[in-house]
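Report on the following structure.
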Amino acid sequence: MNKCSLKNNSRDFFGFILAAEGFNLHSAVGRRMLVDSHFMTDRQEILEEYDAMHSAADRATDAVRHALCELQDIAGTLASLENGTIIDDVQLFEIKHLARIAVSVRNAGFTSIPDVGRVVEILDPDNDDVDTFYIYDSYSSELAAARRAMTEPSAERYAEIARIEDEVRIRLAEELIHFANPLKTALTELGMTDLRLAKTDFAKSEGLVRPEISDDKCTFTGLFNIDVRRSLRLRGMKYQPVDISFGRTLTLVTGMNMGGKSVLLKSLATAQMLCQYGFYVPAAKAEMMLFEDVLMTGGDGENAKDGLSSFAAEICDMDYIVKAVRAGSRIFVLEDELARTTNPFEGRKIVNGMARLMAERNVASFITTHFDGIEGDFRRIRVRGLRQDAEANGTIDGMIDYSLVETSDSDVPHEALRVARLLGADEELLEMINN
Amino acid sequence: MIFDLDKYRSVAIVGMAKNVGKTVTLNHLISALRGSGKRVAVTSIGLDGEGLDQVTRTAKPEITLYEGMVVTTAEQQYRGRQLTAEILDVGGRMTSVGRLITARVRVPGKVIITGPADTASLQSLLEGYSRFDVNLALVDGALSRLSPASPTVTDAMILATGAALSANIADVAKQTKYICQLITLDLVDDELRNICCRLGRGVWKILNDGLAERCGETALSGEIPEISDGVKALYVCGAIGNNFVERLRMQQKSVDLVVPDFTKIFVTQDCHALLQRSKVKLKVLYSSRLLGLTVNPWSPRGFSFDSEELRQRIEDSTGVKTYDVMKL
């Protein structure tokens, strides 16, 4: 059972971020920093990242942003420099370019970037203060003389010039090798600056909030789903944010179809991932606890990858979760319509079993279900669902109240047919269903 | 200087086939521009200027550049340069032969030039040249590719032709004349141009009252719009081929057939000849400035024509000033 789709969730997360409107990196290094970033489980680390974002946004002038746009990912060139390989003019140009950007951004107050001013001096011997580069005459009087002597193209003379140029290149590489490490740090720090600015811009454009970090509870006021809200806005519709709080317990979520159960689970998962990758989160106010992993299953049948049947994939996912729970991992589990891939009789038993396990082990978890009769001592919430006057309302979204309410009932709402009729399902079919 | 380049910011040098002396023409222009005060940049579209012709394995002249000139070529070719140059810019976009390096020549010498692979990238490169204080860009067109000569990319062009086209001197003249005809096609009138300029890709009917009606995605689909009485012109924003032109002609309706420029016309000579005698008038939105022709009397297959005879015949049949590259 190693084909579990749960393990790829960080890749999906980066895909989501990179595709998000409002998230704009200036450079390829920034992108590399994002994809290389890790899921943080240490409270201090996250808070420090938030502080760093804040201070980067404070210092970022237009000049800094412009410099970051010019940033090229020259990790390969820096590796050659470090290995003592002779570097050619294109690579020297790249190093000079990086060093100039590093100096200008550092001078804007980004002091975590090492001072590589000496590199600029070495690669700008005439103090021209330009980005261009070649093996300057001033590096060698012999070179200057050889070049002066060549007024017409001549292969022989060029060979002599090339020989002297190579000597200069060796000398430059020897001088610059001492700066390989500071340059590497400068490149990563510039990339991190780019990433942090992209994150704060993203937070601003989407209205994300800096969460408080708590030890044992999560409380969201006005939690929303970035993608769903955007697509609703495009259609001129309003998104209804929800308030929710939970601790290290199981919450069973019931409610009508289209009541926003899946969106709730996705929003919770996204908010958790965003927080632990050092982003602000989609809510008006948030207090969050930290987990070692976020495991979300079900939903839109995307588990049926790798040629597994949907049931096999579901069992596989459950197995992964159970093993993680048994190993004592502090995980956040979100199971959307658990066991929907099999018959209701056994499906109910599966949900009951899973719910018992989550409740007994005090796993912070959400399970959504349409099955009634899920028994046990745990918290239950329900989507309020269809408004009384739903039929009188225009759009389907105007008919539904997405807010959550605590309930003690193990029964589930039976509104599927009413929703189907509101959606405009065929009357003859509905007739046949009812009789 | 045999060609008058003063008024143009960019000139394409295109060949009708391989081995027609395009590179010789380019080298001639470059050396003539040396010390002229023009701030010249040289690039190409696709691979060119390689030491040996990759297709026919015949010797090819290299591009020689002089102090102060700007060149854009791929990383791989830049590394093999035989000149000293100051790197001005390293492009972010990868091509099949690495990134594009733009550099200013410090000490003269030779280099192989491989510029952008497509016209859109070439266009943005040319636009960016002003940053480097360039006021004339020469673009070496690749094998059988007229696209860089599109007036939307370069301001003017020089066409190279020669014995490589055919062993029959009359045939060389005929083929060259046809391309010149296309290059110098009539422009649409201002009124029609103003309408067409605003339209996007696709096939459009322009009605007598000036309204435009989209009637297809492309002229290559096989669907031919019917020309009814109210239609004064058909504008194809894209390529046209024989099939489209033939079936339009057969409708025997008086109509202007408009394309953006001559590089969009993929119609054979015979088909074009019939069209000329029909009621359909082929016109362009943007015309190209043909500065002149060069001929190479030598064929890579081993034969050659008399230089003066070829030059004269080409000049007579096209009405465009023609030079022998070997005698430039």
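Antiparallel DSSP bridges in the protein assembly as shown: what percent, to the nearest 5?
45
Specify the residue with the greatest mean-square fluctuation among B:Val188, B:Val71, B:Val107, computed from a Gaussian network of chain B linking alpha-carbon atoms under 10 Å apart.
Looking only at B:Val188, B:Val71, B:Val107, the largest GNM fluctuation is found for B:Val107.
Considering the dipole of region B:281-328 built from charges on the beta carbon (Lys and Arg +1, Asp and Glu -1) around the Cα centre, which of B:Val320, B:Ser304, B:Tyr286 is farthest to its positive end?
B:Tyr286
Please give the FRET efficiency for A:Ile177 paired with B:Gln76, using the beta carbon to beta carbon distance and R0 = 25 Å, rounded to the nearest 0.05. List each step's numbers first, then the result.
On the way: r = 26 Å, r/R0 = 1.02.
Working from the Cβ atoms, E equals 0.45.
How far, in degrees from 0 to 90, does helix A:155-176 lean away from the longest principal axis of the Cα atoms of chain A, to the nearest 10?
60
For B:71-79, what's the mean count of beta carbons from other chains sitting within 10 Å of each residue's beta carbon? Could you put the intermediate results ahead of the total?
On the way: counts 0, 0, 0, 0, 2, 0, 0, 3, 3.
That average works out to 1.
Only Lys, Arg, Asp and Glu count, each charged at its Cβ (+1, +1, -1, -1), so figure out the dipole size of chain B about its Cα centre, rounded to 20 debye.
Approximately 380 debye in magnitude.
Apply the Karplus parameterisation 6.51 cos²θ - 1.76 cosθ + 1.60, with θ equal to phi minus 60°, to every residue of region A:132-141 and state each ³J(HN,Hα) to the nearest whole Hz, in sequence, with x for glycine and proline.
Listing the rounded values in order: 6, 8, 8, 6, 5, 4, 6, 6, 7, 5 Hz.
Compute the distance from the alpha-carbon center of region B:246-296 to that of region A:27-98, in whole Å.
Measuring centre to centre over Cα atoms gives 54 Å.
Could I have the simple spin-label model distance between B:Asn208 and A:Ala416, label points 7 Å from Cα toward Cβ, reported in nm to one decimal?
About 6.5 nm separates the two model spin labels.
Quote the FRET efficiency, to the nearest 0.05, computed for B:Glu246 versus B:Glu217 with a Förster distance R0 of 25 Å and r equal to the Cβ-Cβ distance. If you can, show how the numbers build up before the last one.
Working: r = 20 Å, r/R0 = 0.78.
Rounded to the nearest 0.05, the efficiency is 0.80.
Could you work out how much longer the chain between A:Asp129 and A:Val405 gets when fully extended? Use 0.36 nm per residue separation minus the Cα distance between them, nm to one decimal.
Details: separation 276, 0.36 × 276 = 99.36 nm, distance 6.53 nm.
That works out to 92.8 nm of additional length.
Provide the packing ranking of B:240-253, B:150-163, i.e. peptides ordered by the mean count of other C-beta atoms within 10 Å per residue, highest first.
B:150-163, B:240-253
Choose one of B:Asn242, B:Ser221, B:Cys271: the residue whose Cα lies farthest towards the positive end of the charge dipole of region B:190-284 (beta-carbon charges +1 Lys, Arg; -1 Asp, Glu; about the Cα centre).
Result: B:Cys271, furthest along the dipole toward the positive end.
Any chance you could give the angle, 0 to 90 degrees and rounded to 10, that helix A:89-107 forms with the longest Cα principal axis of chain A?
Tilt of helix A:89-107: around 70 degrees.
What does the charge dipole of chain A about its Cα centre add up to, to the nearest 20 debye, if the Cβ of each Lys and Arg holds +1 and the Cβ of each Asp and Glu holds -1?
1240
Kindly write out, for region A:13-26 in residue order, the coupling ³J(HN,Hα) from the Karplus curve 6.51 cos²θ - 1.76 cosθ + 1.60 (θ = phi - 60°), rounded to whole Hz, with x marking Gly and Pro.
For region A:13-26, the Karplus-derived couplings read 5, 4, x, 4, 5, 5, 8, 5, 5, x, 9, 10, 8, 8 Hz, x marking Gly and Pro.
First check a/c for the protein assembly as shown, with a ≥ b ≥ c the square roots of the eigenvalues of its C-alpha gyration tensor; if it is under 1.5, answer rounded, and if not, answer prolate when a/b is larger than b/c or oblate otherwise.
Taking the square roots of the gyration eigenvalues as a ≥ b ≥ c, the protein assembly as shown is oblate.
Count, for each residue of A:90-96, the Cβ atoms from other chains sitting within 10 Å of its Cβ, then give me the mean as a whole number. Each step should come with its number before you reach the end.
Details: counts 9, 1, 1, 7, 2, 0, 1.
Going residue by residue through A:90-96 and averaging, the value is 3.
I need the shape label for chain A. Rule: rounded when a/c is under 1.5, else prolate if a/b > b/c, else oblate, with a, b, c from the alpha carbon gyration tensor.
Taking the square roots of the gyration eigenvalues as a ≥ b ≥ c, chain A is prolate.
Nearest 0.05, what FRET efficiency do B:Ser121 and A:Val322 give at R0 = 60 Å with Cβ-Cβ as r?
So the FRET efficiency works out to roughly 0.65.
Per residue of A:130-143, what is the mean number of Cβ atoms on other protein chains within 10 angstrom of that residue's Cβ?
Per residue, the average neighbour count from other chains is 3.
Among A:Gly376, A:Val253, A:Tyr136, whose Cα sits farthest toward the positive end of the charge dipole of chain A (+1 at Cβ of Lys/Arg, -1 at Cβ of Asp/Glu, about the Cα centre)?
A:Gly376
By how many degrees, 0 to 90 and rounded to 10, does the Cα axis of helix A:261-276 deviate from the longest principal axis of chain A?
Roughly 30 degrees between the two axes.
In whole Å, how far is the Cα centre of region B:159-233 from that of region A:211-234?
Answer, in whole Å: 57.
Place a +1 charge on the Cβ of each Lys and Arg in the protein assembly as shown and a -1 charge on the Cβ of each Asp and Glu, then give the dipole magnitude about the Cα centre in debye, rounded to the nearest 20.
1580
Rule-based calculations on the coordinates, nothing more; no lab input. Only a predicted model underlies this, so the values are computations on that prediction, with no experimental measurement involved. For neighbour counting, all protein chains shown are included, and Cβ atoms are generated from backbone atoms with ideal geometry for every residue, glycine included.
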